[in-house]
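Everything on this sheet refers to the single structure shown next.
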Amino acid sequence: MAIGLRLKFAGGTQEQYDAVHQSMGIDENPPPGLIFHSAGPIEDGWGVIDFWESREAFDSFLAGRLQPGLADLGDRAFQGPPDIKQFPVHHFTRP
């Protein structure tokens, strides 16, 4: 079953997001299981809304690409783990 994830990076900036996103090559090489990704500024930081085929697919991406990517970028990346909230997806449409 598909899931939705809301991630909040407290104090995060567009510059940090752009550095992380570019370094991982998400647009050129999307991770297996990713259905949809969006990101933008929120109050007190940076937010991400993702839809994934499963939590396992996200967790694999988190451990295999996101966490190593954050570590490699050091101060250019978000400076702490995100607050993550998961929600079930009843329906989505791919145009």
* Taking the residues in segment 16-41 that are without any contact (Cβ under 8 Å) to a residue 12 or more places away in the chain and of a type outside the set (Val, Ile, Thr) as candidates, determine which candidate is farthest from LEU66 (Cα to Cα). => GLY40
* Which residues, counting only those in segment 36-61, are part of a helix (DSSP H, G or I), in contact with a strand residue (DSSP E or B) (Cβ under 9 Å, 6 or more places away or on another chain) and surrounded by fewer than 17 Cβ atoms within 10 Å (Cβ to Cβ)? -> ARG55
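Looking at PRO82, PRO31, PRO95, which one is open to solvent by less than 60 Å² (accessible area, probe 1.4 Å) and at pLDDT below 95? It would help to see each step written out before you state the result.
On the way: PRO31 fails: at pLDDT below 95; PRO95 fails: open to solvent by less than 60 Å² (accessible area, probe 1.4 Å).
Testing whether each residue is open to solvent by less than 60 Å² (accessible area, probe 1.4 Å) and at pLDDT below 95 leaves just PRO82.
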* Listed residues ARG65, ARG6; which is open to solvent by 40 Å² or more (accessible area, probe 1.4 Å), in contact (Cβ under 8 Å) with a residue 40 or more places away in the chain, in contact with a Lys or Arg (Cβ under 6 Å, 6 or more places away or on another chain) and not aromatic (Phe, Trp, Tyr)? -> ARG6
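May I ask you to list the residues in segment 68-88 that are out of contact with any Phe, Trp or Tyr (no Cβ under 6 Å at 6 or more places or on another chain) and not in a helix (DSSP H, G or I)? Before the answer, list the steps.
Filtering segment 68-88 down to residues out of contact with any Phe, Trp or Tyr (no Cβ under 6 Å at 6 or more places or on another chain) leaves 68-77, 79-81, 83-88.
Those that are out of contact with any Phe, Trp or Tyr (no Cβ under 6 Å at 6 or more places or on another chain) and not in a helix (DSSP H, G or I): ALA77, GLN79, GLY80, PRO81, ASP83, ILE84, LYS85, GLN86, PHE87, PRO88.
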* Structure fact -> Exactly one of ARG65, ARG55, ARG6 is within 16 Å of LYS85 (Cβ to Cβ), out of contact with any Phe, Trp or Tyr (no Cβ under 8 Å at 6 or more places or on another chain) and basic (Lys, Arg), and that residue is ARG55
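So which residues in segment 1-27 are assigned to a loop (DSSP other than H, G, I, E, B), more than 18 Å from ALA63 (Cα to Cα) and either modelled with pLDDT of 95 or more or hydrophobic (A, V, I, L, M, F, W, C) (or both), if there are any at all? Explain how you work it out, then say what you get.
Residues of segment 1-27 assigned to a loop (DSSP other than H, G, I, E, B): 1-2, 11-13, 25-27.
Checking which are more than 18 Å from ALA63 (Cα to Cα) leaves us with 1-2, 11-13, 27.
MET1, ALA2, GLY11, GLY12, THR13 - these are the residues of segment 1-27 that are assigned to a loop (DSSP other than H, G, I, E, B), more than 18 Å from ALA63 (Cα to Cα) and either modelled with pLDDT of 95 or more or hydrophobic (A, V, I, L, M, F, W, C) (or both).
The values are calculated or read from the model by the stated rules, or taken from the named source; none is laboratory data. Model, not experiment: these values are computed from the prediction. Cβ atoms come from the backbone with ideal geometry, glycine included; neighbour counts cover every protein chain shown. Accessible surface areas use protein heavy atoms only, side chains included; no ligands, DNA or RNA. Shrake-Rupley method; radii C 1.70, N 1.55, O 1.52, S 1.80 Å.
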